[in-house]
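The values are calculated or read from the model by the stated rules, or taken from the named source; none is laboratory data. Everything numeric here is computed off the predicted structure, so don't read it as measured data. As a convention, Cβ positions derive from the backbone with ideal geometry for all residues, glycine included, and neighbour counts pool all protein chains shown.
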Amino acid sequence: MLTRLRATAADSLAARLMAERLAEPDEDGSEALATSSFEDPSTGSWHVDAYYASEPDSTAILTRIGPWLEAATPPRLEQVPDENWVAISQAALPPVSAGHFLVHGGHDRHIVGRRRFAIEIDAGEAFGTAHHATTQGCLAAVDRLARRYHPRTILDLGCGSGLLAISAARVWPAARVVASDIDPVAVEVAAGNVALNGARGRIRLVTAPGLDHPRLRDLQPYDLVLANILAGPLIRLAPRLSRAVRPGGIAVLSGILGEQAREVLATYAMAGFRLVEKRVPHNWATLVLVRA
Ligand SMILES: C[S@@+](CC[C@H](N)C(=O)[O-])C[C@H]1O[C@@H](n2cnc3c(N)ncnc32)[C@H](O)[C@@H]1O
């Protein structure tokens, strides 16, 4: 059996700091094996879960996390079955909300129900469960764009788990969506997630580096490209992306550290893009650009 500590934090920042503190080794030997902070979508409260191989000293734990605790709800320790590690790390991944989207694992299907903007993604071999600020930034950008923009052709470049393509297919049901990744394993994972989320037949999947594939050229020029890859590949791809996005079309770029944003922006300005929105949560920039 493992021991799980569940504590309620004063707010999201307190939850993050508490989770980080619990993950650090301590003199009392009560280092957590895994920690996560998450918002309960039904109450808006922030919680932290930490898993231990044996029961930790509760007094020492209270001293460590005291500054960030929400006063009215005392933390609790409970025994949880010692399942395999994949199951534990997935269980520790709580639902994430970004804009109207709620991204959750299969273990939370029962609490989410059949909401229009719920997307089920289990942690697996491809990046993209929405727990990273870059994915959240792109989902939130899709959510805001959906109110005023109606793309007919969409590319999710570097699709990982396929989450961004699935979100786009959900909010723009009439659009043709292509999702591509350089990594064939990611494309396989994305295919499973597309089917799981009822989008088979809506999203075309392609394994390709950058835009080098006839099936990616078929739909060009795109009205919308979502590309959450790193600053380096984004900079190298700028001239190709410029040809792949129609004039007036939009590119949402992420995977860019705050300090890299200026160079990416300069490169895309040279390639004919204009910045319309920049958000930098947790030092990860998401840029919304319009092709002039
Ligand atoms: C940070 S993950 C993003 C996954 C998902 N789109 C998300 O937002 O969570 C970046 C993905 O881009 C892929 N990738 C990196 N360079 C690429 C390239 N040049 N062409 C296509 N895919 C690429 C990686 O294999 C990886 O799956």
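Worth a mention:
- Considering the stretch 208-230, the residues that are surrounded by fewer than 19 Cβ atoms within 10 Å (Cβ to Cβ) and within 22 Å of the chain's Cα centre (by Cα) include one that is farthest from ILE256 (Cα to Cα), namely ALA208.
- Pair list, Cβ < 8 Å and 6+ apart or interchain, from the stretch 122-146 residues that are farther than 21 Å from LEU234 by Cβ to residues that are among the aromatic types (Phe, Trp, Tyr) and more than 9 Å from the ligand (Cβ to nearest atom): ASP143/PHE101; ALA146/TRP172
- Hey, GLY162 more than 11 Å from the chain's Cα centre (by Cα) and either away from the ligand (no atom under 16 Å from the Cβ) or closer than 15 Å to ASN228 by Cα (or both) or not: no
- Whichever residue in the stretch 115-137 is more than 10 Å from the ligand (Cβ to nearest atom) and not in a loop (DSSP other than H, G, I, E, B) and, among such residues, is surrounded by the fewest Cβ atoms within 10 Å (Cβ to Cβ): ALA133
- Test: residue in the stretch 216-239 that is closer than 27 Å to ARG114 by Cα, in the same structural domain as VAL171 (by TED's automatic domain parsing) and at pLDDT below 95: no
- In the stretch 257-275, residue surrounded by the fewest Cβ atoms within 10 Å (Cβ to Cβ) [restricted to those that are modelled with pLDDT of 95 or more and assigned to a strand (DSSP E or B)]: ARG274
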